[in-house]
2 protein chains.
Amino acid sequence: MNSLIEENYLKALFNMANEAGEVNVTELSRRLEIKMPTVTSMMKKLSDKKLVLYESYKPLRLSEKGKKEAGLIIRKHRLTEMFLVEKMHLGWEDVHDIAEQIEHIQSPVFFEKMDELLGYPKVDPHGSPIPDKSGKIVWKEYNKLSDCREGETAKLAAVINTSSDFLKFLNGREMRLGVKIKIRSIEPFDKSMVVSYGKRQAEVLSNVVCERILVEKEG
Amino acid sequence: MNSLIEENYLKALFNMANEAGEVNVTELSRRLEIKMPTVTSMMKKLSDKKLVLYESYKPLRLSEKGKKEAGLIIRKHRLTEMFLVEKMHLGWEDVHDIAEQIEHIQSPVFFEKMDELLGYPKVDPHGSPIPDKSGKIVWKEYNKLSDCREGETAKLAAVINTSSDFLKFLNGREMRLGVKIKIRSIEPFDKSMVVSYGKRQAEVLSNVVCERILVEKEG
DNA sequence: TAATTTTGTTAGATTAATCTAACTTATTAT
DNA sequence: ATAATAAGTTAGATTAATCTAACAAAATTA
């Protein structure tokens, strides 16, 4: 059994590998807000437990075992987020911190029940995929809204940034997963977009926002 | 903020005081399966934090502050148990271990939402009272089934022992909170009872069982 | 390529929670 | 009332996770 702290290292390694590719000690240290020597010694410990493939001065990698365990923690995290939104009526901007704690609960039945009550969901409330029971995760190939062209229509499929601030920004504009967005125009200077969706006819979105929205192009 | 470990000491002190009155180091040590010197040093620490009133060689007592914090943890535990049974359809024999972990989650909204979805319940699935938002707990005056007399009718209000084994024993006999039990006869030798309830006409319950069942007498 | 900066490691200290062994105080039994 | 037993404390060691300070390796820049 791994400690809660070890679980947090595994999860961070897994998420960072999915975001950036190569992970090093400095980045992991920054992400976890834990000093580098502590990270180094934890990497050695996780290496002894065959969860991490560690070599001095080399990038950090999870072993297959480590990937599986990390995937299962993220599965619990995302199932929880889905449960909190769907069954407990919390907002998608409020569930992260709670899921961050509940993901460490040790109880297969508890999470199986969640999964069942939710109807075996494939994604969480932010559109991120839920790893399967073997910890495997499949990312659908989405496009950034910022990579779409004028005239195109696309469905909001996921958000990259899940900070409460960004999600509240989207709430304030009635933007949620599933809305169909039509790109009216793109400002060449700053790449901001004028889009329409739902009842909104001409909403301006900055490039910073468009880069954090993932969409599925229509037709 | 208290650590998860400190919370477990507070909760044990609170529960033991409700069961037995005076609590000493030996008992607390046994309950938590932690050696006595460790318990002593934790008592000193909790005393420094004004949660426990500690004097060498004297019985252990929670301060008002300690009682409140313990009550709030037990509130979270019992709300969780109720939620798991009512909203997630788990059996009353399966919820303790999960609640034991979820009671440490730090998130007022999460537990407020539970409370709201459950309709502000006053008792948990085992009939134990749920402390209010200030951590206060009110025990109703129930009778042990073993203290009832022949011919009396009483409603199953709570169970004292919440071990999975005992609860499965009750499940197997269709005994649940709320069932109206009529005492047909009492065997003088071993104090076992023959009772009827629901569709069961002559169920034999040993004194060990009857002592662990709390009832509310009818009329 | 040599100097400088960044990244990573080693060594050793610290804290919280635990333990065992030895000792002290309180209670019980003779 | 004294001896024996039980309960509680003190002292000191251990483990996991953290830190700072000092050093070493790798990468970048001049």
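Read-outs throughout are calculated quantities, based only on the coordinates presented, and are distinct from any laboratory measurement. Since this is a predicted model, take the numbers as computed values, not measurements. Cβ: placed from backbone, ideal geometry, glycine included. Neighbour counts: every protein chain shown.
A few points about this structure:
- Which numbered condition B:T80 fails, given (1) among the β-branched types (V, I, T); (2) within 30 Å of B:G172 (Cβ to Cβ); (3) surrounded by fewer than 17 Cβ atoms within 10 Å (Cβ to Cβ): (3)
- Scan of the stretch A:105-118 for residues that are of a type outside the set (S, T, Y) and touching a helix residue (DSSP H, G or I) at 6+ places or on another chain (Cβ under 9 Å), ordered by number: A:I105, A:Q106, A:V109, A:F110, A:F111, A:K113, A:M114, A:D115, A:L117, A:L118
- Qualifying position, being touching a residue at least 40 places away in the same chain (Cβ under 8 Å) and away from chain A (no Cβ under 14 Å), among B:L72, B:L32, B:L53: B:L72
- Scanning the stretch A:105-120 for residues that are within 9 Å of chain B (Cβ to nearest Cβ) and part of a loop (DSSP other than H, G, I, E, B) returns A:I105, A:Q106, A:S107.
- Some residue of the stretch A:149-164 being within 14 Å of another protein chain (Cβ to nearest Cβ) and surrounded by fewer than 18 Cβ atoms within 10 Å (Cβ to Cβ): yes
- Exactly one residue out of A:E81, A:E64 is more than 16 Å from DNA strand C (Cβ to nearest atom), out of contact with any Phe, Trp or Tyr (no Cβ under 7 Å at 6 or more places or on another chain) and more than 15 Å from A:K136 (Cβ to Cβ), and it is A:E81.
- Residue tally, condition in contact with a Ser or Thr (Cβ under 9 Å, 6 or more places away or on another chain) and exposed (fewer than 15 other Cβ atoms within 10 Å of the Cβ), over the stretch B:108-136: 0
- Within the stretch A:14-25, the set of residues being surrounded by fewer than 12 Cβ atoms within 10 Å (Cβ to Cβ) and within 11 Å of DNA strand D (Cβ to nearest atom) comprises A:E22 only.
This table checks each residue for (1) in a loop (DSSP other than H, G, I, E, B); (2) under 26 Å from B:K76 (Cβ atoms).
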residue	(1), (2)
B:P125	yes, yes
B:G135	yes, yes
B:L156	no, yes
B:L167	no, yes
B:R176	yes, yes
B:R184	no, no
B:E203	no, no
B:V209	no, no
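- Test result for B:W139, among the aromatic types (F, W, Y) and buried (at least 19 other Cβ atoms within 10 Å of the Cβ): no
- Looking only at the stretch A:86-98, and only at residues there that are more than 9 Å from chain B (Cβ to nearest Cβ) and crowded, with 20+ Cβ neighbours inside 10 Å, the one that is farthest from A:L4 (Cα to Cα): A:W92
- Test for B:K11: is it of a type in the set (K, R), within 11 Å of DNA strand C (Cβ to nearest atom) and either free of Cβ contacts under 8 Å to residues at least 12 places away in the same chain or buried (at least 17 other Cβ atoms within 10 Å of the Cβ) (or both): no
- Enumeration of residues in the stretch A:56-69 that are buried (at least 19 other Cβ atoms within 10 Å of the Cβ) and either within 16 Å of DNA strand D (Cβ to nearest atom) or within 12 Å of chain B (Cβ to nearest Cβ) (or both): A:L60, A:G66, A:E69
- From the options A:M16, A:M43, residue that is within 8 Å of DNA strand C (Cβ to nearest atom) and either under 23 Å from A:P129 (Cβ atoms) or away from chain B (no Cβ under 14 Å) (or both): A:M43
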